[in-house]
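Have a look at the structure below, then the notes.
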Amino acid sequence: MTREIIRGALRAAQAHMEAVIERTAMSPFIREKNDYFAGILDARGRVVCGTMV
């Protein structure tokens with residue numbers, strides 16, 4: 001149960017990061033084509049939460 005709560009919180013943080021990137025992107029290509037990556041990585045650089053867009 002705790003793992004699911006943490007996973008949900010990480011996904012919410014990722015979604016918020018993506019929304020901020022999309023809202024503040026200066027390039028129309030980034031906004032229109034969603035050409036960016038927002039993710040959370042661990043200390044070794046492995047993706048904890050995120051998807052390649």
Fill in the blank from the handout: Relative to the chain, whose Cα atoms define the longest principal axis, helix 2-24 and its Cα axis are tilted in degrees, nearest 10, by 10 degrees
Practice task
Let me have the 222 nm mean residue ellipticity of the chain computed from DSSP H runs of 4+ only, each contributing -39500 (n - 2.57), with the sum over all residues rounded to the nearest 500.
Solution key: -18000 deg cm²/dmol
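With Kirkwood's inverse mean 1/r over C-alpha pairs for Rh, give me the Rg to Rh ratio of the chain, two decimals please. Display every interim value, and only then the final one.
Details: Rg = 12.7 Å, Rh = 12.0 Å.
So for the chain, dividing Rg by the Kirkwood Rh gives 1.05.
Read-outs: derived from the displayed coordinates by stated rules, not from any lab. Just so we're clear, the structure is a prediction, and the values are computed from it rather than from any experiment.
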